[in-house]
1. By how many nm would the segment from B:Trp13 to B:Phe190 grow when fully extended, if each residue of separation counts as 0.36 nm and the alpha-carbon distance is taken off?
2. How much length is gained if the chain between B:Thr240 and B:Val54 is pulled fully straight, taking 0.36 nm per residue apart and subtracting their Cα-Cα distance, in nm to one decimal?
3. Between A:Ser31 and A:Glu173, what's the calculated FRET efficiency when r is the beta-carbon distance and R0 is 30 Å? Round to 0.05.
4. Tell me, which residues of the range B:114-163 get at least 30 Å² less accessible area when the other protein chains come in, versus the chain alone (1.4 Å probe)?
5. What's log10 of I(q)/I(0) for the protein assembly as shown at q = 0.07 Å⁻¹, Debye sum over Cα points only, no solvent?
6. For chain B, set up a Gaussian network in which alpha carbons nearer than 10 Å are linked by springs, and say which option among B:Val185, B:Val54, B:Val221 fluctuates the most.
7. Take the alpha carbon gyration tensor of the range A:34-74, find the square roots of its eigenvalues, order them as a ≥ b ≥ c, and report rounded if a/c is under 1.5; if not, report prolate when a/b exceeds b/c, else oblate.
8. Build a GNM of chain A with springs between Cα atoms under 10 Å: which of A:Leu96, A:Leu154, A:Leu53 gets the top mean-square fluctuation?
Amino acid sequence: MMNVDARQNVRVEVRGLRKRFGENEVLNGISFNVEPGEIFIIMGPSGSGKSVLLRQIIGLEEPDAGEILIENEPIHSSDVLQKYRMAMVFQSSALLKSLTVGENVGLYLSEHQLKTPEEIDRIVREKLELVGLKGIKDRSTSELSGGMQKRVALARALVIEPQLILYDEPTSELDPFMSVVIAEEILKLRNRIHATSIIVSHDRDLAFGIGDRIAMLSDGKIMQIGTPKEIKESRDPQIQRFIHAELNANSTKP
Amino acid sequence: MFRNLGQLVILFWQTLWSLPLTWRQRRKVFDQLFEIGNASLLMVCVLSLFIGGVLALQTGPVLVERGASSVLGGMIGLAFCKELGPVMMAILIAGRIGSAMAAEIGSMRVYNEIDALRTMNISPIHYLVLPRMVAIAIALPSLVIFAIPVGWLGGAMVSALNGRISIGFEAFFGDLRTMVEVGDVFNGVFKSFVFALAICTISCQQGLITIGGPRGIGRSVTKAVVNSIVGIVILDYILTRTLLYIK
């Protein structure tokens, strides 16, 4: 992490990405670009390969074919993770249960010995305050609600001051109020540090509310990429079905 | 099986390679040392005392009957420090600590905590495996050094108190002193050091490859303990053969 680019955001390019688990082709030739500082949303039905795609982008899994470029450098080349600051907010929050909230948030700084313990303590308090969680530094992560855990995960990502930040279903399992809080935090974060953001979500309100562009994914293929307005006006029946899906209680009556 | 062996060798090699980073992880090493060493001490005492006792109970009357009672102390001394001490303590630690290692790391893997570490550019080997490896490599030989005299004491007590043996403490330890050399104790301690590395590598590897939910974690724990015990027994034979050859 010593060789940090002065620029705060990065360009991501995904070219012809393919991934197969056994007989199941999860990603089938995915290509798109995410511009620096953009909030790019990946939407699609469950099982369409969204989370797998995110794991490939951050380098947790290797694709069978295709490549992912961060500022024109392949993600799997040895020094990309050293060179660019990247963070991911997991759907399950993925906080380390053996650590306190403060230790989780400051983990990146303490493990890489980037700051003194006093500075880490100050930064942790600052980031927790930023996500509206003042005074919970010494609490155990198991004492927190789902929404609080998500915000702690966000604070942990903020500590890295990421140039690229990935969110996997950031509003899942949250009540509508907390979903709005998280969406606002994502937007504030982009406005404050100009990080490039890639968000995987089912949440139509989140996608149309904060996304600069949206990619609609189905069966491992991208159906359409466009601005929220373009997606809303899409003539693709599958997209229309997805974005206008509503429960019709009358249809279930005998 | 060969894939598993390959993964074990790679994990062990990567952990050895990261040894220079031990000082950075010292807090976690101390935590693990406490968990492995201090928390196992009472169990080690009880186990050693009774193994020494049973050994005396099984062999003592036979040796006395054949007029070979003078070798009892030396025989129990040698058997405990070269074989029973290191092997039984290693099996105890495999059950107690190996299972905990596999469960903790397995749960971290299943619940994405290891992925979270990797996205922060924190190596799971440096963060999770290295402190455990260093701690167990210190703790298990230390426990064996502690277990050996306790095991001898167990043997001596039974030899003295059992009516069919009736060999006093002085005669027991006198015989033990003539037969057991410092090198024999070192032999057992060295074996326990190798067992410690094997237990940690096997258990951490099982944890790191855990898939599925709670059932997957359970499977990893079982495999970690069973594979560790099988590994200890196989390594024991190889080490015994090698050490005899060197001697």
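The values are calculated or read from the model by the stated rules, or taken from the named source; none is laboratory data. Computed from a prediction, not measured in an experiment: that's the story for all the values here. Cβ placement follows ideal geometry from the backbone for every residue including glycine, while neighbour counts extend to all protein chains displayed. With ligands, DNA and RNA removed, areas are computed over all heavy atoms of the protein, side chains included. Shrake-Rupley method; radii C 1.70, N 1.55, O 1.52, S 1.80 Å.
1. On the way: separation 177, 0.36 × 177 = 63.72 nm, distance 1.94 nm.
Residue separation times 0.36 nm, minus the Cα-Cα distance, leaves 61.8 nm.
2. Working: separation 186, 0.36 × 186 = 66.96 nm, distance 2.28 nm.
Taking 0.36 nm per residue and subtracting the Cα distance, the gain is 64.7 nm.
3. Numbers: r = 31 Å, r/R0 = 1.04.
Calculated transfer efficiency: 0.45.
4. Going by heavy-atom accessible area, the residues of the range B:114-163 that drop by at least 30 Å² are B:Asp115, B:Ala116, B:Arg118, B:Thr119, B:Met120, B:Asn121, B:Ile122, B:Tyr127.
5. Debye output, listed in q order: -0.51.
6. B:Val54
7. oblate
8. Sorting by GNM fluctuation, first place goes to A:Leu96.
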